[in-house]
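First up is the structure itself, then whatever we jot down about it.
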Amino acid sequence: MDGWIVTVFVLAAFAGGFVSGFSGFAMGLVVSGVWLHIITPMQTAALIAGYGLLTQGYGILKLRQALKGQVRQMLYPEE
């Protein structure tokens, strides 16, 4: 891939990441529209699955860290 195609590929990935972070889903819908013009459908499907797991896993990790103290307080309230 030349520089222009790599730039479009990366911009589509950032757009998909933004949509996924903003709405919580739909990264695959956003990026597949661009990626299917650049790479094969098999590569697109593998990348969407991998990046989907990565972005959702990161969101779960951040949520667990944010709720860690609150859950502990709910389970073991100080009286």
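Every read-out reported here was derived from the displayed coordinates using simple, explicitly stated rules and does not represent laboratory data. Remember, it's a predicted structure, so these values are computed and weren't measured experimentally. Because the Cβ atoms are built from the backbone with ideal geometry, glycine has one as well, and the counts that use them run over all protein chains shown.
Structure notes:
- Distance histogram in 5 Å bins (all Cα pairs of segment 3-75, percent per bin): 3, 16, 22, 20, 12, 9, 6, 5, 3, 2, 1
- For segment 1-75, chymotrypsin sites (Phe, Trp or Tyr not before Pro) are listed when DSSP marks them as loop and at most 16 other Cβ atoms sit within 10 Å of their Cβ; the list is 25.
- Spin-label pair residue 68-residue 39: with each label point 7 Å from Cα along the Cα-Cβ axis, the two points sit 3.3 nm from one another.
- Membrane-span-like helices of the chain, defined as complete DSSP H segments with a Cα extent of 27 Å or more along the helix axis and a mean Kyte hydropathy of at least 1.0, are identified as 3-23.
- Considering only alpha-carbon pairs that sit under 8 angstrom and 6 or more positions apart, the relative contact order computed for the chain is 24 percent.
- Per-pair calculated FRET efficiency, R0 = 30 Å: residue 56 and residue 7 via Cβ, rounded to 0.05: 0.70
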